[in-house]
1. Could you look through segment 25-40, keep only residues that are free of Cβ contacts under 8 Å to residues at least 40 places away in the same chain and open to solvent by less than 70 Å² (accessible area, probe 1.4 Å), and pick out the one that is nearest to Asn77 (Cα to Cα)?
2. Restrict the check to segment 75-88 and report whether at least one residue is touching a helix residue (DSSP H, G or I) at 6+ places or on another chain (Cβ under 9 Å), within 30 Å of Tyr3 (Cα to Cα), of a type in the set (Lys, Arg) and not in a helix (DSSP H, G or I).
3. From the residues in segment 89-103 that are open to solvent by less than 10 Å² (accessible area, probe 1.4 Å) and not in a loop (DSSP other than H, G, I, E, B), which one is nearest to Gly191 (Cα to Cα)?
4. Checking Phe60 against (1) in a loop (DSSP other than H, G, I, E, B); (2) within 17 Å of the chain's Cα centre (by Cα); (3) at pLDDT 95 or above, which test does it fail?
5. Does at least one position in segment 5-24 carry a residue that is more than 19 Å from the chain's Cα centre (by Cα) and surrounded by 24 or more Cβ atoms within 10 Å (Cβ to Cβ)?
6. Helices (runs of 4 or more DSSP H) wholly in segment 104-219 with at least 2 residues that are open to solvent by less than 50 Å² (accessible area, probe 1.4 Å) and touching a Cys at 6+ places or on another chain (Cβ under 7 Å) - which ones?
7. Ile19: in contact (Cβ under 8 Å) with a residue 60 or more places away in the chain, outside any helix (DSSP H, G or I) and of a type in the set (Val, Ile, Thr), yes or no?
Amino acid sequence: MKYKYFLFDLDGTISESAIGIRESLEKAILRLNKPLPNLDDYTLYIGPPLIDTFKNVCCFSDEEAHVGVEYYREYYNTKGKYRNKLYAGIDEVLKKLKKSGGKIAVCSSKYEKFAEEIVELLGVREYFDAVCGSTLDGSRKDKKDLIPYAVNALGGDLDENRAEIVMIGDTYFDAKGAKVCGVDFVGVEYGYGTNQSMIDEGAVTFASDTSELYELLGQ
């Protein structure tokens, strides 16, 4: 195979997660007695770091945003995470890549503990060599920081193995992170982002469904 290290975004790439994320956001916002913004456009808040969502989408102050994150995580941990659903066919993609000798990691802006729990709930933990997510203190939340962290977790090195690494995701945050880190990117069209937003960050390769995704990755 062309690649050895496969970094998968979680929300919108492995998991249909919008319902649980939206519910958790709404509960956190209402708990702070703030007006609910229009959350119909999932691209606004699925993909970016959670703290940025509260600041940019909800227009919270820094202090309010941090409290919002705490409230969000409380609800998500008890109810929101159980709303995740595996995309049809993604388990077969992971299974085939694993069988072919690939090193596979979740590379998500989601809090790492939640990411671990979700892949367990979805029944696909066995296919991942590492599950990499953000920290509680926000010191690791952007894909530009998560990508090298995930590669290291897989036993590789970003500088030494750059040509063997591919990031797979559905939003421009994933595409931008791949561009900044100088690794290849494959965008999935079945997630929550838009092709154009990923193209604007340099994306050129897209999979319309999970079958096409394996064709692109398994070459």
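The values are calculated or read from the model by the stated rules, or taken from the named source; none is laboratory data. None of these values were measured; they are calculated from a predicted model. No Cβ is skipped: glycine too gets one built from the backbone with ideal geometry, and neighbour counts run over all protein chains shown. Just so you know, the surface numbers come from the protein's heavy atoms only, side chains and all, with ligands and any DNA or RNA stripped out. Shrake-Rupley method; radii C 1.70, N 1.55, O 1.52, S 1.80 Å.
1. It comes out as Glu26.
2. The answer is yes, given that some residue of segment 75-88 is touching a helix residue (DSSP H, G or I) at 6+ places or on another chain (Cβ under 9 Å), within 30 Å of Tyr3 (Cα to Cα), of a type in the set (Lys, Arg) and not in a helix (DSSP H, G or I).
3. Step one: list which residues in segment 89-103 are open to solvent by less than 10 Å² (accessible area, probe 1.4 Å), which gives 90, 93-94, 97, 102.
Narrowing further to those that are not in a loop (DSSP other than H, G, I, E, B): 90, 93-94, 97.
Numbers: Ile90: 12, Val93: 16, Leu94: 17, Leu97: 20 Å.
Here the residue is Ile90.
4. All conditions pass for Phe60, except number (2).
5. Start the filter on segment 5-24 by keeping residues that are more than 19 Å from the chain's Cα centre (by Cα), which leaves none.
Within segment 5-24 (the criterion being more than 19 Å from the chain's Cα centre (by Cα) and surrounded by 24 or more Cβ atoms within 10 Å (Cβ to Cβ)), the answer is no, since none of the residues qualifies.
6. Working: elements: 112-121, 143-153, 158-161, 172-181, 195-199, 210-217.
Answer list for segment 104-219: 143-153.
7. Numbers: in contact (Cβ under 8 Å) with a residue 60 or more places away in the chain: yes; outside any helix (DSSP H, G or I): no; of a type in the set (Val, Ile, Thr): yes.
Against the criterion (in contact (Cβ under 8 Å) with a residue 60 or more places away in the chain, outside any helix (DSSP H, G or I) and of a type in the set (Val, Ile, Thr)), Ile19 does not qualify.
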